[in-house]
1. So, in the stretch 24-48, of the ones that are over 13 Å from Y9 (Cβ atoms) and in contact (Cβ under 8 Å) with a residue 40 or more places away in the chain, which residue ends up least open to solvent (accessible area, probe 1.4 Å)?
2. Taking the stretch 1-14 as the search range and keeping residues that are of a type in the set (V, I, T) and at pLDDT below 95, which one is surrounded by the most Cβ atoms within 10 Å (Cβ to Cβ)?
3. When the residues of the stretch 1-45 are filtered to those that are of a type in the set (D, E, K, R) and in a loop (DSSP other than H, G, I, E, B), which remaining residue is nearest to L113 (Cα to Cα)?
4. When the residues of the stretch 49-73 are narrowed to those that are without any contact (Cβ under 8 Å) to a residue 60 or more places away in the chain and touching a helix residue (DSSP H, G or I) at 6+ places or on another chain (Cβ under 6 Å), which ends up most open to solvent (accessible area, probe 1.4 Å)?
5. Within the stretch 102-157, can you find the residues that are out of contact with any helix residue (DSSP H, G or I) (no Cβ under 6 Å at 6 or more places or on another chain), modelled with pLDDT of 80 or more, open to solvent by 90 Å² or more (accessible area, probe 1.4 Å) and closer than 27 Å to I30 by Cα?
6. Out of (1) of a type in the set (G, A, S); (2) touching a Leu at 6+ places or on another chain (Cβ under 6 Å); (3) modelled with pLDDT under 90, the odd one out for G61 is which?
Amino acid sequence: MRLTRYTDYALRTLIYVGLREPKQSSIAEIARAYGISESHLTKVVHQLGRLGLIQTIRGRGGGLRLAKPPAEIVVGAVVRETEDDLALVECFSAGSCAITAPCRLRRALGEALAAFLAVLDRYTLADLLGGAEGDEIARLLGLSPPAAIPAEAPAPE
């Protein structure tokens, strides 16, 4: 299984923006930090905004912020929303194969895909941002170490 560059950029964008919270981020600084194309990143950010994961603030002083707490952003859900085709083999989609009906390979690959996504469903953005690893990622990206990442969404007062 290989994720597309688009999904990779989406996950890396969420990590960067999450590490910068509560400050705003810009597409230019994210692209610069990762050495990736601003035009590709713009498309990714647009979709993350449509999915309700990123809040985009327009105008002078604008930028990007997480639209929800990191603990509410599930990695598996992000992958499902940003991958345009999770069909590992032709018979998973509209394609046809002479042995599709009795094929055990199709079943095995289906189980493998489900297991892959189930593991990703156990992780949230907060898991990716926390601990010494989050501090090291921030350092590598030229950011200050993140503030404490809440394990769950704050309770309303």
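1. Residues of the stretch 24-48 over 13 Å from Y9 (Cβ atoms): 24-26, 28-29, 32.
If we keep only those that are in contact (Cβ under 8 Å) with a residue 40 or more places away in the chain too, we end up with 24-25.
Details: Q24: 63, S25: 3 Å².
Filtering first and then ranking leaves S25.
2. Here the answer is T7.
3. To start, the set of residues in the stretch 1-45 that are of a type in the set (D, E, K, R) comprises 2, 5, 8, 12, 20-21, 23, 29, 32, 38, 43.
Of the ones still in play, those that are also in a loop (DSSP other than H, G, I, E, B) are 2, 21, 23.
Values: R2: 11, E21: 33, K23: 36 Å.
Of everything passing the filter in the stretch 1-45, R2 is nearest to L113 (Cα to Cα).
4. Residue satisfying both the conditions and the ranking: T56.
5. R122, E133, R139, L140
6. The number of the failed condition is (2).
The values are calculated or read from the model by the stated rules, or taken from the named source; none is laboratory data. If you're wondering where the values come from, they're calculated on a predicted model, not measured in any experiment. Positions of Cβ are backbone-derived with ideal geometry, glycine not excepted, and every protein chain shown enters the neighbour counts. Surface accessibility is based on the protein's heavy atoms, side chains included, excluding ligands, DNA and RNA. Shrake-Rupley method; radii C 1.70, N 1.55, O 1.52, S 1.80 Å.
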